[in-house]
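The values are calculated or read from the model by the stated rules, or taken from the named source; none is laboratory data. Because the structure is predicted, anything quoted here is derived from the model rather than measured. With ideal geometry, Cβ positions are generated from the backbone for all residues, glycine too; neighbour counts draw on all protein chains shown. We work out accessible area using only protein heavy atoms, side chains counted, and drop any ligands, DNA or RNA first. Shrake-Rupley method; radii C 1.70, N 1.55, O 1.52, S 1.80 Å.
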Amino acid sequence: MKSVTLDYANMLSPNLGGGGVEPADLEGTWAETFRNAFEDVDARIESGEMGFFHLPDAREAASAVQELADGFGQWFENLVVLGIGGSALGTTTLRDSLLGPHWNELDDEARDHYPRLFVLDNVDPRSVSALLGRLDLGRTLFNVVSKSGSTAETMSQYMVVEGRLHELLGEEPTRGHFLFTTDPERGILRQIADEEGVPSLEVPGNVGGRFSVLSAVGLLPAAVAGIDITEVLEGARAMGQRCRTPVLKDNPAGLLATLLHHSDTVQGAPIHVLMPYSDRLRSFAAWFQQLWGESLGKAKTRDGREVNVGPTPLPAVGATDQHSLLQLLMEGPRDKVVVFLGVGPGDDSVEIPAIRQEFSALSYLGGHSLHELLDTERRSTMEALRQQGRPNLSLEVEDLTPRAMGELFMLFETATVFAAALYGIDPLDQPGVELSKKLTYGLLGREGYERPDLGTGSNDWRV
Ligand code: PA5
C-alpha cells in the first residue's frame, strides 16, 4: 500500500515549453548518474554509516520507547522537550501534523487525557519565561534531547529548568522530572543519567540530529502524546523499501533528489520551495528546511575539493503564500522550483453554504468544501507556474496519518542523502557551524577557548 505519490510532469521540458528535464535524459544520462549515486549511498547504508535508514527496523528500541511513554503519560500533565535543531524540529512536526497545531489548547477530555506537548527550541528568555510561568512544573516531565549532550542552548534550558525545580521542590532530587535522550556512551547528559539514575533513551551513534526523528528523539514525545509510533515506523519502512532501487523512474526519493539537483546545477534554480497545502504541515516545511540546508550546504566534496555548493530551501504554505510569494514565483527570477504537497480531505469536511447567491463573485463558492477550494488552488497554481515555464512538482498524500508522516520523513531523508551523493558532498556533517560556536564559547568564558576579537566594534559604521 502506498499513500505518498510524486507527480513530476511539470519538471519535464515538453510540458514547460523547454527549459526543464528532457524525458529521454531521465532514462539515459540521469538514470546512469543516479545509479552511481544510489550505489554510493547504498554502500554507506550497508556499512552502517547512515543509521537513519535502519530506524524503522529497530523494533526493540521502539518497544522500549512505548513502554517508557506509557508509564510517563499517566503521571504528567505536560511534556516539554528541551532541544534545538534536529533534536526539536521532528517532534514539532509530529505533533502539528498528527495532533494539530492547537493540541495544547484542547482540554483534557479532547486530548483523551494525553499530556500537552511543548517543544522549547530556543533560548529566547521571553519564550522560556512565558512557558515555564504558565505550566505546573510539579506535573511536568522534561525530555532533554541532545545527541552530543553539550549543546549550549539545550544545556542552558536544562539548567534553567533544574534551577526552577529546585526552587519548587527544595533539596529533593529532580530526577523524576527528567528524561534524557542522548548518545549511548558519550556526553554530559549520559554521564548525569548514569551517575544520578535519570531515566534515559539512546540516539544511536550513527544517527545525526536532523535524521533522528524516527529514533527515540521524535518517537518518545510522540508516543507520550498518544501518536501510534508503530504506524509511523511502518510508513517509513514501506517508503524505505520503495527507495531501495537503483532504477531512477521507480525511486521516488531518487527522482526528488535528481530533479531538484538538476534544477540547481543545470537550470540555475537553486531555491527549493516546499509548499504544503495544509496548516498542519507548516512545521514539516521547517523540518525540511533544516534537513536540506544543513545537509547539502557544503564547502568541500567528500574527497576534499573546494566547491561551496548547496540549494536554498524555502518553507511556504498554501494557500496563504499565494498571497505572499506567488507573485515572485510567477514573475521573479527563474531561480526557484516549487515542491507542492497536497493532502486529501480527511474527516474534517467544511462545506461552504450556498448563501449570498445574489453575488456572482460569491455564488460559485457555495456548495463546494473548503478542501475542494484549497486543493483546486494548489492544482491551479501548479498549472499557472507551468504555463509560465516555471518548474514544479507535486507530492500527494491521501490523509495525514501516522503512516503517511513516516513515509514523508523517510522520503525526504533518503532524497537528501541521494542529493548529497549527486553533489559529491557528505550530508552527515556540519563543519560550518563550529566557528560561531567557538566564538560564543570564547565570549562566554568557557575554559580552553580564547576570547575573540569580533573584528567590528568601531562606532564609525553604526548609526
Ligand atoms: O542536525 C543536526 O545535527 C543539528 O541540527 C543538531 O540536531 C543540533 O545542533 C542539536 O544538536 P544536539 O542534539 O547534539 O544537541
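Given the stretch 331-444, what helices (runs of 4 or more DSSP H) lie entirely inside it while holding 2 or more residues that are among the acidic types (Asp, Glu)?
On the way: elements: 360-363, 370-387, 402-423, 434-444.
In the stretch 331-444, the matching helices (runs of 4 or more DSSP H) lie at 370-387, 402-423.
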- Flag for Val217 being within 19 Å of Thr181 (Cα to Cα), buried (at least 24 other Cβ atoms within 10 Å of the Cβ) and in contact with a Phe, Trp or Tyr (Cβ under 6 Å, 6 or more places away or on another chain): no
- Query: If you scan the stretch 222-231, which residues turn out to be open to solvent by less than 10 Å² (accessible area, probe 1.4 Å) and assigned to a helix (DSSP H, G or I)?
  - Reply: Ala222, Ala223, Val224, Ile229
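Please find, among Leu189, Leu214, Leu219, the residue that is outside any helix (DSSP H, G or I) and within 16 Å of the ligand (Cβ to nearest atom).
On the way: Leu189 fails: outside any helix (DSSP H, G or I); Leu219 fails: outside any helix (DSSP H, G or I).
Only one candidate qualifies: Leu214.
Test Glu234 against the criterion of being within 24 Å of Thr414 (Cβ to Cβ) and either assigned to a helix (DSSP H, G or I) or acidic (Asp, Glu) (or both), and give yes or no. Give the steps one after another, and end with the answer.
Working: within 24 Å of Thr414 (Cβ to Cβ): yes; either assigned to a helix (DSSP H, G or I) or acidic (Asp, Glu) (or both): yes.
Yes: the conditions hold for Glu234.
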- Message: Suppose the filter is assigned to a helix (DSSP H, G or I), without any contact (Cβ under 8 Å) to a residue 40 or more places away in the chain and surrounded by fewer than 22 Cβ atoms within 10 Å (Cβ to Cβ); does Gln322 pass it?
- Response: no
- Message: I'd like to verify a number: residues in the stretch 232-252 that are farther than 30 Å from Leu120 by Cα and open to solvent by 10 Å² or more (accessible area, probe 1.4 Å), how many?
- Response: 10
- Task: Considering only the stretch 114-152, state which residues are farther than 24 Å from Gly51 by Cβ and either within 22 Å of the chain's Cα centre (by Cα) or within 11 Å of the ligand (Cβ to nearest atom) (or both).
- Result: Arg116, Leu117, Phe118, Leu120, Asn122, Val123, Asp124, Ser127, Phe142, Ala152
- Message: Restricting to the stretch 255-302, give me the number of residues that are of a type in the set (Ser, Thr, Tyr), out of contact with any Pro (no Cβ under 7 Å at 6 or more places or on another chain) and either open to solvent by 20 Å² or more (accessible area, probe 1.4 Å) or over 24 Å from Leu26 (Cα atoms) (or both).
- Response: 5
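Determine whether Leu82 is touching a residue at least 40 places away in the same chain (Cβ under 8 Å), over 30 Å from Gly346 (Cβ atoms) and touching a Leu at 6+ places or on another chain (Cβ under 7 Å). Explain how you work it out, then say what you get.
Working: touching a residue at least 40 places away in the same chain (Cβ under 8 Å): yes; over 30 Å from Gly346 (Cβ atoms): yes; touching a Leu at 6+ places or on another chain (Cβ under 7 Å): yes.
So Leu82 passes the test.
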- Checked the stretch 216-259 for anything over 24 Å from Gly424 (Cβ atoms) and touching a strand residue (DSSP E or B) at 6+ places or on another chain (Cβ under 8 Å); matches are Ala216, Val217, Leu220, Pro221, Val224, Ala225, Met239
- Message: Show the residue pairs meeting these rules: Cβ distance below 9 Å; 6+ apart or different chains; first residue within the stretch 165-178 and within 18 Å of Val144 (Cβ to Cβ); second residue in a loop (DSSP other than H, G, I, E, B) and open to solvent by 70 Å² or more (accessible area, probe 1.4 Å).
- Response: Leu165/Glu172; His166/Glu172
- Note on the structure: Of the residues in the stretch 359-413, those that are open to solvent by 60 Å² or more (accessible area, probe 1.4 Å) and aliphatic (A, V, I, L, M) number 4
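What are the residues in the stretch 162-186 that are within 16 Å of the ligand (Cβ to nearest atom) and either crowded, with 16+ Cβ neighbours inside 10 Å or closer than 18 Å to Leu141 by Cα (or both), if any? Walk me through it before giving the result.
Within the stretch 162-186, the subset within 16 Å of the ligand (Cβ to nearest atom) is 178-186.
Matches in the stretch 162-186: Phe178, Leu179, Phe180, Thr181, Thr182, Asp183.
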